[in-house]
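Working notes, structure below.
The values are calculated or read from the model by the stated rules, or taken from the named source; none is laboratory data. Because the structure is predicted, anything quoted here is derived from the model rather than measured. Virtual Cβ from ideal backbone geometry, glycine too; neighbours counted across all protein chains shown.
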Amino acid sequence: MLVILAAGDRTVYEDCSSCFQAMGKTSFFLGEVGNAARMMLILNMVQGSFMATIAEGLTLAQATGQSQHTFLDILSHGQMASTFVDQKCQNILQGNFKPDYYLKHIQKDLRLAISMGDTANHPTPMAAAANEVYKRAKALDQSDNDMSAVYRAYIH
């Protein structure tokens, strides 16, 4: 279910609340116009950075003789367990990179979040590192695959 982010006129938001309830799990009113877009960039930055880290963990497990399947099992039973982790890791291990969220779009959002951080004079070193890995994946012709295809940047 959707999580709806809205900004702008609060009265319009309140008038639309029944529609938001029908379409999504929850909704958030974030104040002035532009705040929902900024929040979405921040959320995508975290998701993209996390996906790059998971891909790095999977490939490091393999490179050190550890089972990628065991790595996934441990993740899925620990504090980081989530549908996102399970789905993306299973797809990686099956070589299924059918796009759910295009790699080219998550890389664009990382770039925009880094720029937003620069504008706010706030460092984004984790996003910058993840962005470089996504740029490598794009150079390996993974743009039109799912964001989890960032995994391929580590195996080439």
Exception for Leu103 within (1) of a type in the set (A, V, I, L, M, F, W, C); (2) over 12 Å from Met51 (Cα atoms); (3) touching a residue at least 40 places away in the same chain (Cβ under 8 Å) falls at (2)
Which pairs have Cβ atoms under 6 Å, sit 6 or more apart or on different chains, and link a residue in segment 126-151 that is in contact (Cβ under 8 Å) with a residue 60 or more places away in the chain to one that is hydroxyl-bearing (Ser, Thr, Tyr) and part of a loop (DSSP other than H, G, I, E, B)?
Met147/Tyr101
Qualifying position, being more than 20 Å from Ser148 (Cα to Cα) and in contact (Cβ under 8 Å) with a residue 24 or more places away in the chain, among Met1, Met40:
Met1
Among the candidates Ala37, Ala55, residue that is modelled with pLDDT of 95 or more, farther than 20 Å from Ser143 by Cα and surrounded by 13 or more Cβ atoms within 10 Å (Cβ to Cβ):
Ala37
Scanning segment 96-139 residue by residue, those of a type in the set (Phe, Trp, Tyr) and buried (at least 19 other Cβ atoms within 10 Å of the Cβ) turn out to be Phe97, Tyr134
Selection count, segment 94-119, where residues are in a loop (DSSP other than H, G, I, E, B) and hydroxyl-bearing (Ser, Thr, Tyr):
1
Name, by its number, the condition in (1) touching a residue at least 24 places away in the same chain (Cβ under 8 Å); (2) surrounded by 17 or more Cβ atoms within 10 Å (Cβ to Cβ); (3) farther than 21 Å from Met1 by Cβ that does not hold for Leu93.
(2)
